[in-house]
Amino acid sequence: MMPKHYGYIFVIFFYLLVLSLGCVGLQKNYPERRYYTFDVTSASNYTVSPKHVILKIRNFRVSPAYAGHEFVYRVSPDGYESDFYNQFFKSPASLMTQEVFGWFSRINMFDHVVVAPSEIPGDYELSGYINSIYGDYTDDGAPKAVLALQFFLIKEDSGEDTIVFSKSYQKDVGIISKSPTALVNGWNEALSEVLIDFEHDIGGLDLTSAK
């Protein structure tokens, strides 16, 4: 006959085994968090004579509704959701500042382009405000990447900022699916279109004579 304390040990072992198997069964496999950045390549063919001035890119700002890293989706006329598992690598304002700086550094529009917090003074400064950036999924069959952006071209004179040009741009770009990759590609296309429009808008300005 098995000693009584062996029976107790067996019961305890069996109980722990069942408990551990139950815990394994209760575990959930959560999606892996993914991080994204903008990636805009200059596709413009700027042909106007270069403006012999220095452009300084200020740090962009963003509406508080879109200031977080999480992607935002519009799912109904009045309903929005944020996505914890798909996010910007940094704040969208910071990422867009760098993309705009890269864009104007690659095209032959200004003598030099610098970005804040560089101590090099600019003849003109470009400020941007992201009014909205989200995936519009209100129509299941026609998802869109939405970007609304406002630019301010500023001339600083004796410590006072003078706005020499400002305009708001909005692009609604159709995307092939609701996947995060398709959405980011749509935002890249939207930002590229905005920057091309902005180039054309300020291309005719005589900035050199105002130095």
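The values are calculated or read from the model by the stated rules, or taken from the named source; none is laboratory data. Note that the coordinates shown come from a computational prediction; the quantities given were computed from them, not determined experimentally. Cβ coordinates were reconstructed from backbone atoms using ideal geometry, including for glycine residues, and neighbour counts include every protein chain displayed. Calculation scope for accessible area: heavy atoms of the full protein, side chains included, ligands and nucleic acids excluded. Shrake-Rupley method; radii C 1.70, N 1.55, O 1.52, S 1.80 Å.
Key figures
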| read-out | value |
| --- | --- |
| Förster-model FRET efficiency, 30 Å R0, Glu156 and Asn108, C-beta, rounded to 0.05 | 0.80 |
| Accessible area of Ser76 in the full protein assembly, 1.4 Å probe (Å², nearest 10) | 40 Å² |
| Residues listed by number, region 79-101, amide nitrogen under 13 Å from Tyr35 label point at 7 Å toward C-beta | 86-92, 95 |
| Under 12 Å from the Cα of Lys56 - aspartates and glutamates, other chains or at least 8 residues apart | Asp111, Glu119, Asp123, Glu125, Glu156 |
| Region 53-207: antiparallel DSSP beta bridges as a percent of all, rounded to 5 | 75 percent |
| DSSP-assigned coil residues among trypsin sites (Lys or Arg not before Pro) in region 46-108, each with at most 10 further Cβ atoms within 10 Å | none |
| Sorted largest first, extent of region 61-194 alpha carbons per principal axis (Å) | 52, 28, 25 |
| List Ser179, Ser132, Ser82, ordered by accessible area with a 1.4 Å probe, largest first | Ser82, Ser179, Ser132 |
| Average Cα contact separation per residue, region 106-172, under 8 Å, 6 or more apart, as relative contact order % | 27 percent |
| Region 69-120: mean projected area of Cα convex hull, nm² | 5.6 nm² |
| Where region 84-144 is the region considered: accessible area per residue in Å², 1.4 Å probe | 43 Å² |
| DSSP-assigned coil residues among GluC sites (Glu not before Pro) in region 78-135, each with at most 14 further Cβ atoms within 10 Å | Glu119 |
| Förster-model FRET efficiency, 25 Å R0, Ala67 and Phe165, C-beta, rounded to 0.05 | 0.45 |
